[in-house]
Amino acid sequence: MAGKLSSLFEAQDMTVGSPTRNLVRFSVPLLIGNLAQQLYSTVDSIVVGNYVGDGALAAIGASGPVLNLLLVLFMGVSIGASVMASQYFGAKERDSLSQTIGTTITATLACTVFVMVLGPLITRPVLTMLDTPADILNMACDYMTILFLGFLGAAFYNVISGVLRGLGDSIMPLAFLLVACFLNIGLDIWFVAGFQWGVAGVAWATIIAQLISGVLCIIRLLKMHEHFTLTWRHLWPRFTFVKRLCKLGLPSGLTQAIFSFAMIIVQNLTNSFGSSVLAANTVVMRVDGFAMMPNFTFGSAMTTYTGQNMGAGRLDRCEKGAKAGMIMGVSVSIVLVGLILIFGKYLMMMFTSTPEVIELGQRMLNTLAVGYIAMSVTQILSGVMRGAGDTMTPMWISVITTVVVRVPVAYGLEFLTRPEGGVMGSGTPDPLFLSLLISWVAGAVLTVIAYLRGSWKKKAITNKAADEKKAAPAE
């Protein structure tokens, strides 16, 4: 019994055993971890909405797209590092794994310094350019500036937890995130309800909690020395590994950058409808975060699973895992869609008591509901392709669905709903979410086509995978 319990805290080798069992064991703590991470922003919104008001709620929502745009640096580093770590771990290439981890730590530190300097400088100009309502501009600036200045913890948690997951460890990042989540909840209430610090209190609570989780992740990584070695030599970036990290991570980072940039453009449209629509949009995005969690969870699990098996030369297991992941992911999404349709109104009431905001938010949720099933397909198959080393295909699909589909459709539908002679924002806000639903469905169709074409099967980066093109016998 003790042996089985201790094995939960060890790196998980997914190149052996049942693919379904591997994915379930890895995904459950990852799902709980994503739930805890989503609680960061959700608790922020609940506390602010109830203790400060809808204006503060709108201020946090208006900050989101700009924050996400600068987060893309870390998304790229995290995805690239996770793919490299999982493939080298699967191939048992210790030195390459060690150099990957050292390069990742150095790259994360460099990106963090860049964001901490640039973020506060661009906050007010960008929010002003986006026509953020004057009544929430100062609150949004305060919130973003504090988060940028305290970005170190968030950066290292997100990147190092990605490395840990690449090594098959999804338990310890979960434990650290739960610690940070409960700390964040306590500090939120203390700073906002107790000290009356408003949105600034929410920001301080978040960065303190994130710093704790980042430090714990680094300590955990340094204790896994049986799988890699970390010296000053490994921390000094080698061109080959930096190039590989960029090649794998840059497309994912660009994907998020494109998505965030498109969100900023759409945010300008959202801002034109006023604070009530902004508040409803903020709440819907918080609920959306929970609805998306299984999709992102299974997508991340598929990246690690596929990476390890590609590294070990087990293409047959990659395809079996993709089928198992699809069954699990789509099934969970169907259940969640049903819950959203039934309890959407009550979810909105957790954040605000304003009838107008509740009614509008429920309508938005009903519009998006079916799209979560489409996103499940997209995330799982994209996870397979990324794990195999093909990060370009998901990037191009994201460009098409976001730039070519979502933005033009949002503005086009909004124009068509305006009254005669009306200006932007005088029509209905429904196009904001109809355009998102259409882009999600288009993304699912394109992702299925790309997966079936099979070019991802030839993208492995490890020596072992390159030498072992033949599949091993089925278990």
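Let me have the 222 nm mean residue ellipticity of the chain computed from DSSP H runs of 4+ only, each contributing -39500 (n - 2.57), with the sum over all residues rounded to the nearest 500.
Mean residue ellipticity, 222 nm, calculated: -27500 deg cm²/dmol.
5 Å is the cut-off here: which amide hydrogens, built 1.01 Å from N in the peptide plane, fall below it relative to residue 15, excluding neighbours closer than 5 in sequence?
Hits under the 5 Å cutoff: none.
Calculate the all-directions average of the projected area of the stretch 114-242's alpha-carbon convex hull, and give it in nm².
Working: hull surface 41.1 nm².
Mean orientational projected area (the stretch 114-242, Cα hull): 10.3 nm².
Using θ = phi - 60° and the Karplus form 6.51 cos²θ - 1.76 cosθ + 1.60, what ³J(HN,Hα) does each residue of the stretch 289-296 get, whole Hz, x for Gly and Pro?
So the Karplus estimates, Gly and Pro as x, are x, 6, 5, 7, 3, x, 4, 5 Hz.
Separation of the stretch 76-120 and the stretch 381-423 by C-alpha centroid, Å?
Result: 28 Å between the Cα centres.
With the alpha-carbon atoms as the only input, what is the per residue convex hull volume for the chain in Å³? Kindly include the intermediate steps, with their values, before the conclusion.
Details: hull volume 65.2 nm³, N = 475.
Value for the chain: 137 Å³ per residue.
Carbon-plus-sulfur fraction of the accessible area of the stretch 176-232, 1.4 Å probe, in percent?
Carbon and sulfur together cover 77 percent of it.
Residue 427's amide H: which non-local residues (gap 5+, or another chain) put their own amide H closer than 5 Å, with H modeled 1.01 Å from N in plane and none for Pro or chain starts?
HN-HN under 5 Å from residue 427: empty list.
In nm, to one decimal, how far is the residue 327 label point from the residue 426 one, both placed 7 Å along Cα→Cβ?
Each label point lies 7 Å from its Cα, and together they span 5.6 nm.
Could you check the simple spin-label distance between residue 316 and residue 246, using points 7 Å along Cα→Cβ, in nm with one decimal?
With each label point 7 Å from Cα toward Cβ, the separation is 4.0 nm.
Which pairs break 19 Å Cα to Cα here: 247/457; 243/320; 92/247?
Too far apart for the 19 Å limit: 243/320; 92/247.
What accessible area per residue, rounded to a whole number of Å², is obtained for the stretch 143-290 using a probe radius of 1.4 Å?
39 Å²
Would you kindly give the portion of the calculated P(r) for the stretch 342-420 that falls above 19 Å, as a percent of all Cα pairs?
Numbers: 1843 of 3081 pairs.
Result: 60 percent of Cα pairs exceed 19 Å.
Tell me, what is the per residue accessible area of the stretch 317-402 in Å², probe radius 1.4 Å?
Ligands and nucleic acids excluded, the result is 39 Å² per residue.
Give the Kirkwood hydrodynamic radius (Å, one decimal) of the stretch 25-145, defined as one over the mean of 1/r across all pairs of different Cα atoms. Before the final figure, lay out each step's value.
Values: mean 1/r = 0.0588 Å⁻¹.
Roughly 17.0 Å, rounded to one decimal.
Sort 226-239, 170-183 by packing, meaning the average of other beta carbons within 10 Å per residue, with the highest value first.
The most tightly packed comes first, giving 170-183, 226-239.
How far is helix 151-166 tilted off the main Cα axis of the chain, in degrees rounded to 10, range 0 to 90?
So the helix axis and the longest Cα principal axis differ by about 40 degrees.
Per-residue HN-Hα couplings for the stretch 320-337, Karplus 6.51 cos²θ - 1.76 cosθ + 1.60 at θ = phi - 60°, whole Hz, x for Gly and Pro?
With coefficients 6.51, -1.76 and 1.60, one gets 5, x, 4, 5, 5, x, 5, 4, 5, x, 5, 4, 5, 5, 4, 4, 5, 4 Hz.
Apply the Debye scattering formula to the stretch 122-192, with a single equal point scatterer on each alpha-carbon and no solvent, then give log10 I(q)/I(0) at q = 0.12, 0.22, 0.27 Å⁻¹.
-0.51, -0.97, -1.13
Contour minus end-to-end for residue 404 and residue 335, with contour as 0.36 nm per residue of separation and end-to-end as the Cα-Cα distance?
Stretched out fully, the residue 404 to residue 335 stretch lengthens by 21.8 nm.
Run the simple label-point estimate for residue 118 and residue 50 please: 7 Å along Cα→C-beta, distance reported in nm.
Rounded to a tenth, the inter-label distance reads 3.8 nm.
Tabulate in residue order the Karplus-calculated ³J(HN,Hα) for the stretch 98-112, using 6.51 cos²θ - 1.76 cosθ + 1.60 with θ = phi - 60°, rounded to whole Hz; enter x for Gly and Pro.
4, 5, 4, 5, x, 5, 5, 4, 5, 5, 5, 4, 5, 5, 5
The values are calculated or read from the model by the stated rules, or taken from the named source; none is laboratory data. No experiment lies behind these values; they were computed from the predicted model shown. Neighbour counts run over all protein chains shown; Cβ positions are idealised from the backbone, glycine included. Heads up: the accessible areas ignore ligands, DNA and RNA and are worked out on the full protein's heavy atoms, side chains in. Shrake-Rupley method; radii C 1.70, N 1.55, O 1.52, S 1.80 Å.
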